[in-house]
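Notes for the one structure printed next.
The values are calculated or read from the model by the stated rules, or taken from the named source; none is laboratory data. Note that the structure is a prediction, hence the values are computed from the model and not measured. Cβ placement follows ideal geometry from the backbone for every residue including glycine, while neighbour counts extend to all protein chains displayed.
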Amino acid sequence: MNTQWKLTGLLAALTLSLAGCGGMSTKDKGAKGEENDVKLTGTWDAGCLKADAFKLTHKTNLLVFSAIGDFDRVTTLYSGDACTTKEVEVAVHGTYDVVGDADNVDGGAQNINFTVHSATVTPKSDNAVKLLTGTKYCGVTDWSVDKEVDIAGKDCLGEKLDEGQVVFDIYRLQNDDKTLLVGDSLNWFDNTDSKDRPTQLATDRPYNKQ
């Protein structure tokens, strides 16, 4: 496959990773946690994975939690199959709240709400710049290598991630708190209604503490 075709698949994967990102009313955020889980503090790596529904590209996911309740989620998309050739980096930043025990989850879990404060896309190669510019991705026409672009509120091929977006998820720490399982590691932004909070953990895609 030529590079342009691979990057077209990559762009589709990038858009898919933002699927379901409509705005949320603050009344649907749920109760704020009284305290954050200090055991989450640190960097968690899910390793090299196939990108969502695309065999031509791969990705890495990092979750970073601070001791005061901030989070970063960084997804890097690759054109190669060994996560060595970086193409695009998608970063989401915000805060999180742990809001009690999850119901009906095998093995137990905690409810966690992520509130998005900002989101950025950064091309990591000349080929990625050419593709993003040519498609006017997110309405932006001046992409350049390693230039971070704020995409919050922008229309990105029909999908939009708004500041204040709340994502409802679950998590569990295990293996002496060295392994983190979350409820939705593929389409992370899909659960934007508290009624759709996951009831199963993605045990096949664990995050390991770094």
Checklist entry - If we keep just the residues of the range 95-112 that are of a type in the set (S, T, N, Q) and under 22 Å from the mean Cα position of the chain (by Cα), which is nearest to D169 (Cα to Cα)? => result N111
Checklist outcome for this item: Of the candidates A91, A119, A46, A51, the one satisfying the condition of being touching a helix residue (DSSP H, G or I) at 6+ places or on another chain (Cβ under 6 Å) and within 30 Å of Q174 (Cβ to Cβ) is A51
Checklist outcome for this item: K154 meets each of (1) within 24 Å of N36 (Cβ to Cβ); (2) in contact (Cβ under 8 Å) with a residue 12 or more places away in the chain; (3) assigned to a loop (DSSP other than H, G, I, E, B) with one exception, condition (1)
Next on the checklist: Suppose we keep only residues that are surrounded by fewer than 15 Cβ atoms within 10 Å (Cβ to Cβ) and without any contact (Cβ under 8 Å) to a residue 12 or more places away in the chain within the range 114-151. Which one would you say is farthest from V166 (Cα to Cα)?
Outcome noted: G134
Item to check | Test set (1) touching a Cys at 6+ places or on another chain (Cβ under 9 Å); (2) surrounded by 19 or more Cβ atoms within 10 Å (Cβ to Cβ); (3) over 24 Å from K154 (Cβ atoms) - C83 fails condition number | outcome: (2)
Checklist outcome for this item: Counting only strands (runs of 3 or more DSSP E) wholly inside the range 60-130, the ones holding at least 3 residues that are farther than 17 Å from D146 by Cα and of a type outside the set (D, E, K, R) are 86-101, 110-123
Next on the checklist: For the range 31-50, check the following and say yes or no: at least one residue is within 19 Å of L132 (Cβ to Cβ) and either at pLDDT below 90 or of a type in the set (S, T, N, Q) (or both).
Outcome noted: no
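State yes or no: is D162 crowded, with 18+ Cβ neighbours inside 10 Å, among the charged types (D, E, K, R), in a loop (DSSP other than H, G, I, E, B) and modelled with pLDDT under 85? Step through it out loud before you land on a result.
Details: crowded, with 18+ Cβ neighbours inside 10 Å: no; among the charged types (D, E, K, R): yes; in a loop (DSSP other than H, G, I, E, B): yes; modelled with pLDDT under 85: yes.
Here the answer is no, as D162 does not meet what is asked.
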Item to check | Residues of the range 174-199 satisfying the condition of being surrounded by fewer than 17 Cβ atoms within 10 Å (Cβ to Cβ) and at pLDDT 90 or above | outcome: Q174, N175, D176, D177, K178, T179
